[in-house]
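Only one structure is covered here, and it is reproduced in the block below.
The values are calculated or read from the model by the stated rules, or taken from the named source; none is laboratory data. What you see is a predicted model; the values in this text were computed from it and never measured. Here Cβ is always computed from backbone atoms with ideal geometry, including for glycine, and neighbour counts include all displayed protein chains. Ligands, DNA and RNA are excluded from the accessible area calculation, which covers all protein heavy atoms including side chains. Shrake-Rupley method; radii C 1.70, N 1.55, O 1.52, S 1.80 Å.
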Amino acid sequence: MTVFEPTEQARAAAARAAVLAGIARRRTLFTSAWNGRALLVLADLLDTVALSFYEEVPAADGIPTDADLALAAAEVVAMQTPGIGFPVQLGQYVTHAVTRRPLTVPAPVGSNGGERTADDARLVSALETLHGHLAAAPTEDVAQALLEAVLAVHGKRADLAQLARG
């Protein structure tokens, strides 16, 4: 019998998924019941991702199948409930530890007021900077702290988009 041992990159991805799940659970304290339910579902999916990286042999791209499926489901939750402040591409923050694919920054949110557009452009610029720091993080502890900051900026963008919608 062969015993599976996760790689250092898989353990890092699992830790990042756990950090994101923790952020989702903390946000349930300050949101509506609808968004709170979505955040709990998201946290459960991210827990599945973390466990998959520890327990499942990865596919050719380094991502376990169950983790890939749970991340896809988490991204659907993020898309369906934009008010929770998680980006639709949240999976990239987990898989980056394994694949090292460049992190993408969503386009600025368009709005009627120039001030909101300028605010969003500043938030996008902050995301680009944080993405650069995350990609170059010297340790996984630093990367996890940066994830907290990245998700805070995504939360601010979600609030700004909510204001733009009225």
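Observations, loosely collected:
- Each of Ala59, Ala10, Ala143 was placed along the dipole of the chain (beta-carbon charges, centred on the mean Cα), and the one lying farthest toward the positive end is Ala143.
- Debye, to nearest 20: dipole size of the chain, +1 on Lys, Arg Cβ, -1 on Asp, Glu Cβ: 620 debye
- Between helix 114-135 and the chain: long-axis angle, C-alpha atoms, 0 to 90°, nearest 10: 20 degrees
- Gain on full extension, evaluated as 0.36 nm per residue between Ala33 and Glu55 minus their Cα-Cα distance, stands at 4.6 nm.
- Cα long-axis angle, helix 140-165 against the chain (0 to 90 degrees, to the nearest 10): 30 degrees
- Probe 1.4 Å, protein heavy atoms only - accessible area per residue of the chain in square angstrom: 52 Å²
- Computed from Cα atoms, the angle from the helix 33-55 axis to the main principal axis of the chain rounds to 30 degrees.
- Of all accessible heavy-atom area on the chain, the percent that carbon and sulfur account for (1.4 Å): 59 percent
- Net lengthening on full extension, Ala145/Thr117 (0.36 nm per residue, minus Cα-Cα): 7.3 nm
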